[in-house]
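Step one of this worksheet: look at the structure below.
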Amino acid sequence: MIIIGAKGHAKDIITDPAFYNLQGTNFMFDDITKGLPEVLFEKYILLRNLTEAKEKAFGHSFILALGSPIGRKKVFELFQHNGFQPENFIASSAVVSVLASIGQGLNIMPFCTVFAGAKVGNGCLINSYASIHHDVELGDFVTVSPGARVLGRAKVGNLVDVGANAVILPDVTIGDNVIIGAGAVVTKDLPSGTTAVGVPARIIKP
Ligand SMILES: CC(C)(COP(=O)(O)OP(=O)(O)OC[C@H]1O[C@@H](n2cnc3c(N)ncnc32)[C@H](O)[C@@H]1OP(=O)(O)O)[C@@H](O)C(=O)NCCC(=O)NCCS
């Protein structure tokens, strides 16, 4: 197993009961942070670049452990293109309905719920205490920050970043590459590429 990312999010993943007793040789990939030790968190061998990953860990699957939608897409595609298989991390306390359909390379963090009929695309991060309600559609590489709620039938495009504790009301449609501020309540559709904040959410960019 290769955990991609070696910071706080990685720490949250490897200490979850679903993961803590993972056996065998495991790796952590970080090609940005300088000065990291050879072994992280006592048992993860550091991989500093793709060449090292291919030499030392080829054949292992990978779990994304970083927060930004663009960063997640970049490493997902890089590793998949180079023959590594994505795996989902679903925390032991998360609940995913048997009637939900979920993609690959997901993180569904502690105390999250994905309800019946929801569709979650590849590479999404549903962070702690967030909920994805019935029949919601999330595109690929959507980050839903802690405590955010995406309510019934809302549609969220690709690479959307939903801030902590934001609420997207039922039936709202969000375009691609949208940023929603922490605590926003999104009552109306948002076009691609916009940033919206506040209650009710208003577009502040572009
Ligand atoms: C929305 C956000 C991305 C905007 O960041 P930014 O583009 O750097 O924007 P700025 O900080 O320059 O703020 C622009 C304006 O929006 C306001 N604003 C920013 N975030 C806001 C928020 N969440 N709610 C209400 N107003 C907000 C600022 O006060 C500022 O107002 P002003 O022009 O009247 O001074 C950011 O503030 C945010 O909320 N990010 C979410 C963080 C988060 O939840 N992370 C989860 C980590 S796990």
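The values are calculated or read from the model by the stated rules, or taken from the named source; none is laboratory data. Note that the structure is predicted; figures quoted are calculated from it, not measured. So basically every Cβ, Gly included, is an ideal-geometry build from the backbone, and we count neighbours across all protein chains shown. What goes into the accessible areas is simple: the full protein's heavy atoms, side chains included, and nothing from ligands, DNA or RNA. Shrake-Rupley method; radii C 1.70, N 1.55, O 1.52, S 1.80 Å.
Do you know the relative contact order of region 1-56, to the nearest whole percent, from alpha carbon pairs under 8 angstrom that are 6+ apart?
33 percent
Once every DSSP H run of n ≥ 4 in the chain is given -39500 (n - 2.57) and the sum is divided by its residues, what mean residue ellipticity at 222 nm do you get, rounded to the nearest 500 deg cm²/dmol?
When only DSSP H runs of four or more count, the value is -4000 deg cm²/dmol.
Identify which of LEU106, LEU47, LEU138 has the largest mean-square fluctuation in a Gaussian network model of the chain, with springs joining Cα atoms closer than 10 Å.
Answer for the Gaussian network model of the chain: LEU47.
Expressed as a whole number of Å, what is the distance separating the alpha-carbon centroids of region 20-74 and region 167-205?
Region 167-205 and region 20-74 have Cα centres spaced 33 Å from each other.
Once amide H atoms are built 1.01 Å from N in the peptide plane, which residues 5 or more positions from ILE174, or in another chain, come under 5 Å H to H?
Correct list: LYS155, VAL156, GLY157, LEU190.
Considering amide H positions built from the backbone, and no H for Pro or chain starts, which residues 5 or more places from VAL186, or on another chain, come under 5 Å of its amide H?
VAL167, ILE168, LEU169, ALA201
Starting from the amide H of PHE141, placed 1.01 Å from N in the peptide plane, find each other amide H under 5 Å away whose residue is 5 or more places distant or on another chain.
Correct list: ASN122, GLY123, CYS124, LEU159.
Just HIS81, HIS60, HIS133 to compare: in a GNM of the chain, with alpha carbon springs under 10 Å, which one fluctuates most?
HIS81
In the chain, what percent of the accessible surface is made up of carbon and sulfur (1.4 Å probe, ligands and nucleic acids excluded)?
Answer for the chain: carbon and sulfur cover 56 percent of the accessible area.
Once you've got the GNM for the chain with C-alpha springs shorter than 10 Å, pick whichever of LYS56, LYS73, LYS119 has the biggest mean-square fluctuation.
Evaluated over the chain, the most mobile residue of the options is LYS56.
Which whole-Hz couplings ³J(HN,Hα) result when phi for each residue of region 93-108 is put into the Karplus expression 6.51 cos²θ - 1.76 cosθ + 1.60, θ = phi - 60°, listed in order with x for Gly and Pro?
9, 7, 10, 10, 4, 5, 9, 8, 10, 10, x, 10, x, 8, 10, 10
Using 7 Å Cα-to-Cβ label points, what is the VAL39/SER92 separation (nm, one decimal)?
Spacing of the two 7 Å Cα→Cβ label points: 2.4 nm.
I'd like the antiparallel share, as a percent to the nearest 5, of DSSP beta bridges with both residues in region 18-119.
Of those bridges, close to 15 percent are antiparallel.
Among DSSP beta bridges whose residues both lie in region 129-206, state the antiparallel percentage, nearest 5.
Antiparallel: roughly 15 percent of the beta bridges in region 129-206.
Which residues in region 139-172 have a backbone N closer than 15 Å to a point placed 7 Å from the Cα of LYS205 along the Cα-to-Cβ line?
Answer for region 139-172: 160-163.
Just need the relative contact order of the chain here, percent rounded to a whole number, with Cα pairs under 8 Å and 6+ apart.
Value for the chain: 11 percent.
Looking at this model, which pairs from LYS11/LYS54; LYS54/LYS155; LYS7/LYS188; LYS34/LYS74; LYS54/LYS74 are more than 26 angstrom apart at the alpha-carbon?
Pairs exceeding the cut-off: LYS54/LYS155; LYS7/LYS188.
Just to be sure I understand: of the beta bridges DSSP finds with both ends in the chain, what percent are antiparallel, rounded to 5?
Roughly 10 percent of the DSSP beta bridges within the chain come out antiparallel.
Provide Rg over Rh for the chain; use the alpha carbon set for both Rg and the Kirkwood Rh (inverse mean inverse pair distance).
Checking Rg against Rh, the ratio lands at 0.99.
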